[in-house]
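Here is the structure we will look at.
What follows draws every value from the coordinates through simple rules; no lab data is involved. Quantities reported herein were computed from a predicted structural model and do not represent experimental measurements. Reconstructed Cβ throughout: ideal geometry from the backbone, glycine too, with neighbour counts over all protein chains shown.
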Amino acid sequence: MLEVTGLSADYGSFRALFEVSLGVEAGETVAVIGPNGAGKTTLMRVISGLLPPHSGTLAFEGRSLAGLEAHRIVEAGIAHVPENRRLFPRLTVEENLRMGAYMSSARARFVERRGWVYALFPRLEERRNQLAGTLSGGEQQMCAIARALMSEPRLLLLDEPSAGLAPLVVQQVFDLVRRIREEGFTVLIVEQNVRQVLELVDRAYLLEAGRIALGGTADELKRSDTVRRSYLGL
Amino acid sequence: MDIFLLEAVLNGVMFGGLLALLALGLNLIFGVIDVVWICYAELVMCGMYTIYWLHAVYGVPFPLAAVAAILLVALLGVLLHRIIIEPILGSAPINQLLATGGLLFFLQSFATLLFTTDFRNVGIHLPSLELGDINLGYARILAFAVALVGAAALYLFLARTYLGTAIRAISQDREIMGLMGVDQRRIYLITSAIGGGLAGLAACLLVLQYDVHPFVGLSFGPITFMICVLGGLGNMIGGVIAAFIMAQIIAIGGYELSVEYSEVLAFLVFIVLIMVRPQGILGK
């Protein structure tokens, strides 16, 4: 479904990704794990068009994403929940959802999608008229995911959904991701919370210093010495 | 209460509506695009000339001339963004200020060249409403009513539509607008058209009260900026509140002192208020 080949990208004047190749099949949940500064967020930003790549190719459902601006990539069916959630703090929860459904194809089905999203996250319906900036961290993450789902994406990119949340809330967020996965979405998730994310995904890639160091099924990564030593502390 | 003071206050309210309309357009542009159109009042001047020529010279009915002026100034707003602002969007604010300031002088000089410095009147004299001893010009009442309707329409647009929501959202997080499927460039062009259209609407109302000449912008441009800054640049509600405060100072000051001193007083109050609250009434 998503095919990334030989992708290099710069973060300012600094090369952040070196010839990264990875793939996500329809229906899969795939994680990219790795330490801080490995280039995980840069990878997500290149896929969703926020950052133009230096070289390499990106294809989604067989179609090249080269040169497409971010708003075209959403239209192609990829929604990106950015790092730190990035809600519009002075818009209400419902207005944030409205922004997620900005594209004309999603607008036409706004009421239906909103009903579906509220059924998935009843807490958001309770808080629909509250300003997003006043939500708790976990609720903000819910709202950010809900906003991305409003565009009816076929691929959902989640960038560190558990970052900055209390341990109990982290658990809730992972439960949430599990539910989204059960709804049949294809998910590419970036996480530092390696132990928990490996329980959740089908496959994972280990990104280190801008290069794919390892790739395989979640079980293979859990058994690998590198991951056990450096990321699981075993 | 002194009946003439009451008249001054009422006139101040009317004038406040008009100033609020001017401030709304400028605040909208600043809030969304993060650029100050220093030449805003000169766009209004272009609108006033349009109406003058269409109506007074070519005999086009006023409502038609008014619509034409609004559309033309909206187009000017788009061109201003496309030609002058877009290439310098990322540069320092001072450069953007100088560029739109340059356009201000260009428009003033161009108008002088085309139309000379003559004061021209559109030739419509609306009567006054007499309430006992109080005289209220219909031109002012109309200006107030239309400004109010314009502000309400803008509010509904911003509150209720997808485009309006995007316009409110964009200043909260520019970068991720693309992730929402929003084309930022298109939002900027539409906002510029609306800002221009509001300047055009203000022109329709001002031309009924004032003569048009190449430097007419100077008589309400500076005060509009003052109001925007006082309300908190980019804050629409703050701008409306500041507009009514300033209009009252000018109206009451004009009655108690003189028209000339009233503006001095307004600027004095501005300086004091901005020293007390540099971020503006509702600024952050």
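Per residue, chain B reaches -23500 deg cm²/dmol at 222 nm when only DSSP H runs of four or more residues are counted, each adding -39500 (n - 2.57). For peptide B:25-38, the mean count of partner chain Cβ atoms within 10 Å of a residue's Cβ comes to 0.
Got a sec? Charge dipole of the stretch B:146-278, +1 on Cβ for Lys and Arg, -1 for Asp and Glu; which of B:Y155, B:V207, B:G178 is way out at the positive end? Ranked along the dipole, the leading option is B:G178. Taking the square roots of five times each eigenvalue of the Cα gyration tensor of chain A, the equivalent ellipsoid has semi-axes of 28, 21, 16 Å, listed largest first.
Have a look at B:Y188, B:Y49, B:Y155 and tell me which one the Gaussian network model of chain B (Cα, springs below 10 Å) gives the largest fluctuation. Judging by the Gaussian network model, the answer is B:Y155. Placing pseudo-labels 7 Å out from each Cα toward the beta carbon at B:D133 and A:R63 gives an inter-label distance of 7.5 nm. With a simple spin-label model that places each label point 7 Å from the Cα along the Cα-to-Cβ direction, the separation between A:R128 and B:R174 comes to 3.4 nm. Electrostatic bookkeeping for A:L97 treats Lys and Arg as +1 and Asp and Glu as -1; over the other residues with beta carbon under 9 Å from its beta carbon, the sum is +3. Under the simplified labelling scheme, the B:H125-B:V259 pair shows an inter-label distance of 1.6 nm, with each label point 7 Å from Cα along Cα→Cβ. Build a GNM of chain B with springs between Cα atoms under 10 Å apart, and of B:I70, B:I170, B:I33 the one that fluctuates most is B:I170.
Between A:F110 and A:L232, residue separation times 0.36 nm minus the direct Cα-Cα distance comes to 39.7 nm.
Across the stretch B:1-157, Cα pairs under 8 Å and at least six residues apart give a relative contact order of 37 percent.
Taking every residue in B:157-166 and counting other chain Cβ atoms within 10 Å of its Cβ, the average works out to 3.
Counting only C-alpha contacts under 8 Å and six or more residues apart, can you give the relative contact order of the stretch A:176-228 as a whole percent? Once normalised by length, the contact order is 22 percent.
Expressed as a fraction of 2.2 N^0.38 Å, the C-alpha radius of gyration for the stretch A:30-135 is 1.24. Under the convention that each Lys and Arg Cβ holds +1 and each Asp and Glu Cβ holds -1, the size of the dipole of chain B around its Cα centre is about 840 debye. Projection of the Cα convex hull of the stretch A:109-234, averaged over all directions and equal to a quarter of that hull's surface, yields 8.7 nm².
Take the alpha carbon gyration tensor of the protein assembly as shown, find the square roots of its eigenvalues, order them as a ≥ b ≥ c, and report rounded if a/c is under 1.5; if not, report prolate when a/b exceeds b/c, else oblate. Judged from the Cα gyration tensor, the protein assembly as shown comes out prolate (a/c at least 1.5, a/b above b/c). Take the Cα radius of gyration of the stretch B:188-284 and divide it by 2.2 N^0.38 Å, N being the number of residues; the result is 1.16.
Considering only B:G217, B:G254, B:G234, the mean-square fluctuation computed in a Gaussian network model of chain B, springs between alpha carbons under 10 angstrom, is largest for B:G254. Could you work out how far helix A:110-120 tilts from the main Cα principal axis of chain A, as a 0 to 90 degree angle to the nearest 10? Relative to chain A, helix A:110-120 is tipped by roughly 70 degrees. How far is helix B:236-256 tilted, in degrees, relative to the longest principal axis of the Cα atoms in chain B, given as a value from 0 to 90 rounded to the nearest 10? Relative to chain B, helix B:236-256 is tipped by roughly 20 degrees. Working from Cα pairs under 8 Å separated by at least six residues, relative contact order for chain B is 37 percent.
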